[in-house]
1. Contact list please: Cβ distance under 8 Å, first residue in segment 61-77 and more than 17 Å from Lys34 (Cβ to Cβ), second residue away from the ligand (no atom under 16 Å from the Cβ) and part of a helix (DSSP H, G or I), pairs at least six apart or on different chains.
2. For the subset of segment 57-88 comprising residues that are within 14 Å of the ligand (Cβ to nearest atom) and among the aliphatic types (A, V, I, L, M), which member is surrounded by the most Cβ atoms within 10 Å (Cβ to Cβ)?
3. How many residues are at pLDDT 95 or above and more than 21 Å from Asn94 (Cβ to Cβ) if we restrict to segment 35-59?
4. Checking Ser44 against (1) surrounded by 15 or more Cβ atoms within 10 Å (Cβ to Cβ); (2) away from the ligand (no atom under 13 Å from the Cβ); (3) without any contact (Cβ under 8 Å) to a residue 60 or more places away in the chain, which single condition isn't satisfied?
5. Need the failing condition index for Lys31 against (1) of a type in the set (D, E, K, R); (2) at pLDDT 90 or above; (3) under 14 Å from the mean Cα position of the chain (by Cα), just the number.
6. Considering every residue within segment 41-55, establish whether at least one is in contact with a Ser or Thr (Cβ under 8 Å, 6 or more places away or on another chain) and of a type outside the set (A, V, I, L, M).
7. Test Met1 against the criterion of being touching a strand residue (DSSP E or B) at 6+ places or on another chain (Cβ under 9 Å), over 24 Å from Glu97 (Cα atoms) and either aliphatic (A, V, I, L, M) or modelled with pLDDT of 90 or more (or both), and give yes or no.
8. Out of (1) modelled with pLDDT under 95; (2) touching a strand residue (DSSP E or B) at 6+ places or on another chain (Cβ under 9 Å); (3) under 15 Å from Asp64 (Cα atoms), the odd one out for Val8 is which?
Amino acid sequence: MTAQAGDVPPLLSLYDGKPCPYCADPMDPAKGRKPTRDHIKPKSRGGSLADGNRAIVCERCNGDKKNKHIEGFLLKLLRKGDARAPHVAAFIINNREAVYE
Ligand SMILES: [Zn+2]
């Protein structure tokens, strides 16, 4: 799911330069990696709108994850041998309560 213009709060810019939790690269608008809000468990799959279900991730990862649950995203990365897989696996482990709410 890509963030729509208009629903990105200005505060997201505070995350510029911080590492994306899904790929570990710095979130950098100049490189197509602007910070965006992801719903860990997608709204379309019953995920809540609560803060606990949100992660700030780069637009590349958000676009690749789309409306998948984060576990489905991890499986996709593992199948492709994508270098982001270990970061996403660590994110799931460190955010168990949000992932399995
Ligand atoms: Zn990322």
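The values are calculated or read from the model by the stated rules, or taken from the named source; none is laboratory data. Because the structure is predicted, anything quoted here is derived from the model rather than measured. Positions of Cβ are generated from backbone atoms using ideal geometry, with glycine treated the same way; all protein chains shown enter the neighbour counts.
1. That search, which allows pairs on different chains as well, returns Asn67/Ser44; Asn67/Arg45; His69/Arg45; Ile70/Val99; Glu71/Val99.
2. Val57
3. 1
4. Only one criterion is unmet by Ser44, namely (1).
5. (3)
6. Initially, segment 41-55 is screened for residues in contact with a Ser or Thr (Cβ under 8 Å, 6 or more places away or on another chain), giving 41.
The next check asks that each one be of a type outside the set (A, V, I, L, M); those that pass are 41.
The answer is yes; a qualifying residue exists.
7. no
8. Exception for Val8: condition (3).
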